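Chemist: Can you read through this structure? Questions will come right after.
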């Protein structure tokens, strides 16, 4: 049978392990993530308000000649400033082309950001759900272990009862055997006493039957 001090040490160790497990479970429960109250929204789309106007107004050169003296003077002025206008028009064309190229890129960037945020939100939600399920699962371990302990304790009690019953039967059999042995010893003692008495009687009879010598009466 285990020593009481050993049982007390085992109980103290079990209690300490239970406290450590419950503390760790509490910390894990408090560490469950939560979805942000205000989840980020995707960025706004590109500002395309002036794209159509820019595509229509980027040209500044009009090569249609005017009639008369005014037309001749205008043509002379246009020829003088034509290099400046041409440079400005090339610049306008480059800017409009750049804007036109960046509009679809900005659209795709916004769509990609919106898709990424959706995936991120769904992933965090699944992670929170997993963490919650994990805590619930861990909370079931202690009752499960306690149930297993009770089952084992029940089996031990059953085995102990069976062993005690067998021991009782053995002890009863042993007591019965001792009683029989005592009764047999008593009978043997009685038989020895009777045999001793019988021997005495036989000795007396033998002495009585011995022949007597002369002069005996």
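The values are calculated or read from the model by the stated rules, or taken from the named source; none is laboratory data. Computed from a prediction, not measured in an experiment: that's the story for all the values here. Ideal geometry is used to build each Cβ from the backbone, glycine not excepted, and the neighbour counts take in all protein chains shown.
Chemist: Contact list please: Cβ distance under 7 Å, first residue in the range 105-131 and at negative phi and assigned to a helix (DSSP H, G or I), second residue at pLDDT 90 or above and exposed (fewer than 14 other Cβ atoms within 10 Å of the Cβ), pairs at least six apart or on different chains.
Modeler: Listed pairs, sorted by first residue: none to list.
Chemist: Another question, if that's okay. List, please: which pairs have Cβ atoms under 8 Å, are six or more places apart or on different chains, and start with a residue in the range 1-25 that is closer than 14 Å to residue 142 by Cα and end with one that is part of a helix (DSSP H, G or I) and at pLDDT below 80?
Modeler: Short answer, once both residue conditions are applied: 18/142; 21/142; 22/142.
Chemist: Okay, next question. What about residue 119, is it surrounded by 13 or more Cβ atoms within 10 Å (Cβ to Cβ), modelled with pLDDT of 90 or more and over 30 Å from residue 26 (Cβ atoms)?
Modeler: No, not satisfied.
Chemist: I would also like to ask the following. Counting just the residues of the range 35-52 that are surrounded by 10 or more Cβ atoms within 10 Å (Cβ to Cβ) and under 50 Å from the mean Cα position of the chain (by Cα), which one comes out farthest from residue 128 (Cα to Cα)?
Modeler: It comes out as 46.
Chemist: Here is a check on your reading of the model: is residue 162 surrounded by 10 or more Cβ atoms within 10 Å (Cβ to Cβ), within 44 Å of the chain's Cα centre (by Cα), assigned to a helix (DSSP H, G or I) and modelled with pLDDT of 65 or more?
Modeler: yes
Chemist: Which residues, taken from the range 16-34, are surrounded by 11 or more Cβ atoms within 10 Å (Cβ to Cβ) and part of a loop (DSSP other than H, G, I, E, B)?
Modeler: The answer is 32, 33.
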